[in-house]
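Novice: Input: one structure, supplied below.
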Amino acid sequence: MPDTAKILVISDVHGRLRDLRWVLQNEPADALFFLGDGLYDLDTALELRKTPLPCPVYRVRGNCDVGYPDPAEGLAPFAGVLFFYTHGHHYGVKMGADRLAETAGARGADVALFGHTHVRELQRGAGAAAAVFNPGSLRDGRSYGVVTVTDGVCEFGWKRVPEF
């Protein structure tokens, strides 16, 4: 039987607390990567839950998360894959994700997760570069990402929070 893990990837909430709470309530996962610009929303959503989130939460601050002590980037091995995660503004991702992919690959990462642009994106790695994945924005497009890892192989996808 294959070893499978489901990972939620969320970025750029910018006050869409109701949508974030919906995702956390309705999308069971084995891990959550929160890529910044909404740490206040994440903290509030987690405080309002009746039970703790039953999975690890990897989080970084974005350019709008002023005053938060969270790191700007991180590396996390999960389900046989090494993830590099960041908001993306320090890597100029609005001009393209090549620099981010190369940096993540140089650090040994298989996948780089990023936000900041509010645009869904997937680029498969080439050479020493890591694959890059952007879940889009909960604020713009009500979008979040789902990465399914099966035996160390990633499948990337996007979902939208339903209209209320």
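Novice: Under a point spin-label approximation (7 Å from Cα along Cα-to-Cβ), what is the TYR68-LEU46 distance to one decimal in nm?
Specialist: 1.0
Novice: Okay, next question. Using a ≥ b ≥ c from the Cα gyration tensor of segment 89-164 (square roots of the eigenvalues), is it rounded, prolate or oblate, where a/c under 1.5 gives rounded and otherwise the larger of a/b and b/c decides, a/b for prolate? Could the numbers behind the result be given before it?
Specialist: Values: a/c = 3.06, a/b = 1.38, b/c = 2.22.
Here segment 89-164 falls in the oblate category.
Novice: Compare HIS90, HIS116 by solvent-accessible area with a 1.4 Å probe and give them largest first, with all protein chains kept in place.
Specialist: So the residues, ranked largest to smallest area, are HIS90, HIS116.
Novice: Please list LYS159, LYS6, LYS94 in order of solvent-accessible area, largest first, computed with a 1.4 Å probe with all protein chains present.
Specialist: My answer, sorted largest first, is LYS94, LYS159, LYS6.
Novice: Right, here's the next one. In whole Hz, with x marking every Gly and Pro, tabulate ³J(HN,Hα) for segment 40-54 from phi via Karplus 6.51 cos²θ - 1.76 cosθ + 1.60, θ = phi - 60°.
Specialist: Coupling constants for segment 40-54: 4, 5, 4, 4, 5, 4, 5, 5, 7, 5, 6, 10, x, 5, x Hz.
Novice: Another one. Apply the a/c threshold of 1.5 to the C-alpha gyration tensor of the chain and tell me whether it is rounded, prolate or oblate.
Specialist: In terms of gyration-tensor shape, oblate.
Novice: What nm value, rounded to one decimal, do you get for the distance between PHE164 and LEU122 when each label is placed 7 Å out toward the C-beta?
Specialist: Once both label points are built, they end up 2.9 nm from each other.
Novice: At a probe size of 1.4 Å, how large is the accessible area of PHE133, to the nearest 10 Å²?
Specialist: 0
Novice: Long-range amide H contacts for SER11: which residues qualify at under 5 Å (H placed 1.01 Å from N, peptide plane, sequence gap of 5 or more or a different chain)?
Specialist: LEU35, LEU138
Novice: May I pose another question? I need the phi-derived Karplus couplings for segment 91-98: 6.51 cos²θ - 1.76 cosθ + 1.60, θ = phi - 60°, integer Hz, Gly and Pro marked x.
Specialist: Using θ = phi - 60°, the values come out as 10, x, 5, 5, 9, x, 9, 4 Hz.
Novice: Still on this structure: For GLY125, list long-range residues whose amide hydrogen, built 1.01 Å from N in the peptide plane, is under 5 Å from its own amide hydrogen.
Specialist: Long-range HN contacts for GLY125: ALA131, VAL132.
Novice: Now a separate question. With a/c under 1.5 counting as rounded, go ahead and sort segment 26-84 into rounded, prolate or oblate using the C-alpha gyration tensor (a ≥ b ≥ c being the square roots of the eigenvalues; past the cut-off, prolate if a/b is larger than b/c, else oblate).
Specialist: oblate
Novice: Given the Cα-Cα distance of THR150 and LEU82 and 0.36 nm per residue of separation, how much length would full extension add, in nm?
Specialist: Contour length minus Cα-Cα distance gives 23.1 nm.
Novice: Sequence gap at least 6, Cα distance under 8 Å: using those rules, report the relative contact order of segment 35-96 to the nearest whole percent. Don't skip to the answer; put the middle values down first.
Specialist: Working: 74 pairs, mean separation 20.7, N = 62.
Once divided by the residue count of segment 35-96, the mean separation gives 33 percent.
Novice: Which ³J(HN,Hα) values, rounded to whole Hz and listed in residue order, are derived for segment 21-38 from phi using the Karplus coefficients 6.51, -1.76 and 1.60 in 6.51 cos²θ - 1.76 cosθ + 1.60 with θ = phi - 60°, glycine and proline given as x?
Specialist: Once θ is set to phi - 60°, the couplings for segment 21-38 become 4, 4, 4, 5, 7, 10, 10, x, 8, 8, 7, 10, 10, 10, 9, x, 6, x Hz.
Novice: Taking LYS6 as the anchor, which aspartates and glutamates have their alpha carbon closer than 18 Å to its alpha carbon, excluding any fewer than eight residues away along the same chain?
Specialist: Cα-Cα hits under 18 Å: GLU27, ASP30, ASP110, ASP151, GLU155.
Novice: Among GLY80, LEU138, ALA128, whose Cα lies farthest out toward the positive end of the dipole of segment 73-164, if unit charges sit on the beta carbon of Lys, Arg (+1) and Asp, Glu (-1)?
Specialist: The one lying farthest along the dipole's positive direction is LEU138.
Novice: What is the local net charge at GLU47, summed over the other residues whose Cβ is closer than 13 Å to its Cβ (Lys, Arg +1; Asp, Glu -1)?
Specialist: Combined, the nearby Lys, Arg, Asp and Glu give +1.
Novice: How many percent of DSSP beta bridges within segment 30-164 run antiparallel, rounded to 5?
Specialist: Once the DSSP bridges in segment 30-164 are tallied, antiparallel ones form about 65 percent.
The values are calculated or read from the model by the stated rules, or taken from the named source; none is laboratory data. From a predicted model like this one, the values you see are computed outputs, not experimental measurements. Don't worry about glycine lacking a Cβ; one is built from the backbone with ideal geometry, like all the others, and counts go over all protein chains shown. Ligands, DNA and RNA are stripped out before the accessible areas are found, and what is left, the full protein with its side chains, is counted by its heavy atoms. Shrake-Rupley method; radii C 1.70, N 1.55, O 1.52, S 1.80 Å.
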